[in-house]
Amino acid sequence: MNKVFLTGTLKTHPEITYTPKGEKVAAFPLQVEEGDLRIDVVHVGEVDGEGLGRQVGKEIMVSGMLTQAKMQSQRVVKVRAHKIFWMED
């Protein structure tokens, strides 16, 4: 089973694009304090991009699965998010 839950700081506004089929795609980096990791998160489907944009600098949690992408000569681990949760202040 490939399921992860990550909590971290949303560092920038999400980049919103659309697939050729019209599905909304939100991509953003999540900064995980422990281990000082930056994890690229991709969410396909409905997400409130403006609401997520208001969370920049705040803690969020994503649940999803780990995926791999080859970028130039190295492999990069990403999270394909199924759900995004806003954390309480």
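For Val4, are the conditions met, namely being under 13 Å from Met87 (Cα atoms), under 13 Å from the mean Cα position of the chain (by Cα) and modelled with pLDDT of 85 or more? Outline the logic, then answer.
On the way: under 13 Å from Met87 (Cα atoms): no; under 13 Å from the mean Cα position of the chain (by Cα): yes; modelled with pLDDT of 85 or more: yes.
No, not satisfied.
Ala27 versus (1) in a strand (DSSP E or B); (2) at pLDDT below 90: which is the lone unmet condition?
(2)
In segment 7-24, what residues are without any contact (Cβ under 8 Å) to a residue 60 or more places away in the chain, of a type outside the set (A, V, I, L, M, F, W, C) and not in a loop (DSSP other than H, G, I, E, B)?
Across segment 7-24, the qualifying residues are Gly8, Thr9, Glu15, Thr17, Tyr18, Lys24.
If we scan segment 33-55, do we find a residue that is in contact with a Pro (Cβ under 9 Å, 6 or more places away or on another chain), in a strand (DSSP E or B) and free of Cβ contacts under 8 Å to residues at least 24 places away in the same chain?
The answer is no, given that none of the residues of segment 33-55 is in contact with a Pro (Cβ under 9 Å, 6 or more places away or on another chain), in a strand (DSSP E or B) and free of Cβ contacts under 8 Å to residues at least 24 places away in the same chain.
Return only the number of the condition from (1) surrounded by 11 or more Cβ atoms within 10 Å (Cβ to Cβ); (2) on the phi > 0 side of the Ramachandran plot that Asp36 does not satisfy.
(1)
Can you name the residue in segment 39-61 that is within 17 Å of Glu88 (Cα to Cα) and within 10 Å of the chain's Cα centre (by Cα) and, of all such residues, is surrounded by the most Cβ atoms within 10 Å (Cβ to Cβ)?
Of everything passing the filter in segment 39-61, Ile60 is surrounded by the most Cβ atoms within 10 Å (Cβ to Cβ).
Answer with yes or no whether Lys70 is in a strand (DSSP E or B) and modelled with pLDDT under 80.
Considered against the rule, which asks whether it is in a strand (DSSP E or B) and modelled with pLDDT under 80, Lys70 comes out as yes.
The values are calculated or read from the model by the stated rules, or taken from the named source; none is laboratory data. Here the structure is a predicted model, which means the values were calculated and not measured. Counting neighbours? That spans all protein chains shown, and the Cβs are built from the backbone with ideal geometry, glycine included.
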